[in-house]
Amino acid sequence: MENIIDMNKIESPVLRKMLKYRKIIIAVFLSLLVFFSAFFQVEPEEVGVITRFGKYVRKVEPGLNMKMPFIEWVYKVPVERQQKLEFGFRTVQAGVNTQYTRSQKEIWFPY
């Protein structure tokens, strides 16, 4: 394979060094890409589901985890998230003695 770029015609010393070590630069860049894509974080209220080529492999708990880059995919499922809907009444003040309203009339529940 012949060299496409003539090193004698390049005037910039920085560019000349970069072209001289281009294989090392590409190898370092690809190594960093693989290294940083292997780690992922699962939040405290989530569980990570790992799939390899679309097939379930394992479940991971919250925290910093590792996977095989470009082969395994992570789906984060919020399993401990609580969502609340209020029907027929509205919370006025939350706390130990919560107060609710209904039909523009205030109702107080001490417990």
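For region 55-75, give me the residue count where each residue is among the hydroxyl-bearing types (Ser, Thr, Tyr) and at pLDDT below 95. Give the steps one after another, and end with the answer.
To start, the set of residues in region 55-75 that are among the hydroxyl-bearing types (Ser, Thr, Tyr) comprises 56, 75.
Of the ones still in play, those that are also at pLDDT below 95 are none.
Looking only at that region, the number is 0.
Can you find, within region 10-53, the residue that is farthest from the chain's Cα centre (by Cα) among those that are touching a residue at least 12 places away in the same chain (Cβ under 8 Å) and part of a loop (DSSP other than H, G, I, E, B)?
So the residue we want is Phe53.
Of all residues in region 61-72, count the ones that are closer than 13 Å to Gln41 by Cα, assigned to a strand (DSSP E or B) and free of Cβ contacts under 8 Å to residues at least 24 places away in the same chain. Quick ask: steps written out before the conclusion?
The first filter runs over region 61-72 and keeps only residues closer than 13 Å to Gln41 by Cα, leaving 61-67.
Add one more test, that the residue is assigned to a strand (DSSP E or B), and what stays is 63-66.
Applying the additional criterion that residues be free of Cβ contacts under 8 Å to residues at least 24 places away in the same chain yields 63.
Residues that pass the stated criteria total 1.
Would you pick out the residues in region 24-56 that are surrounded by 14 or more Cβ atoms within 10 Å (Cβ to Cβ) and out of contact with any Asp or Glu (no Cβ under 6 Å at 6 or more places or on another chain)?
Once the filter is applied, which keeps residues that are surrounded by 14 or more Cβ atoms within 10 Å (Cβ to Cβ) and out of contact with any Asp or Glu (no Cβ under 6 Å at 6 or more places or on another chain), region 24-56 yields Ala38, Phe40, Val42, Glu46, Val47, Gly48, Val49, Thr51.
Mind listing just one residue for me: the one in region 8-23 that is exposed (fewer than 10 other Cβ atoms within 10 Å of the Cβ) and not polar (S, T, N, Q) and, of those, modelled with the highest pLDDT?
The initial filter retains those residues of region 8-23 that are exposed (fewer than 10 other Cβ atoms within 10 Å of the Cβ), namely 8-9, 11-14, 23.
If we keep only those that are not polar (S, T, N, Q) as well, we get 9, 11, 13-14, 23.
On the way: Lys9: 72, Glu11: 75, Pro13: 79, Val14: 78, Lys23: 89.
Among them, the one singled out is Lys23.
The values are calculated or read from the model by the stated rules, or taken from the named source; none is laboratory data. Remember, it's a predicted structure, so these values are computed and weren't measured experimentally. When we count neighbours, we look across all protein chains shown, and the Cβ atoms used for this are built from the backbone with ideal geometry, even at glycine.
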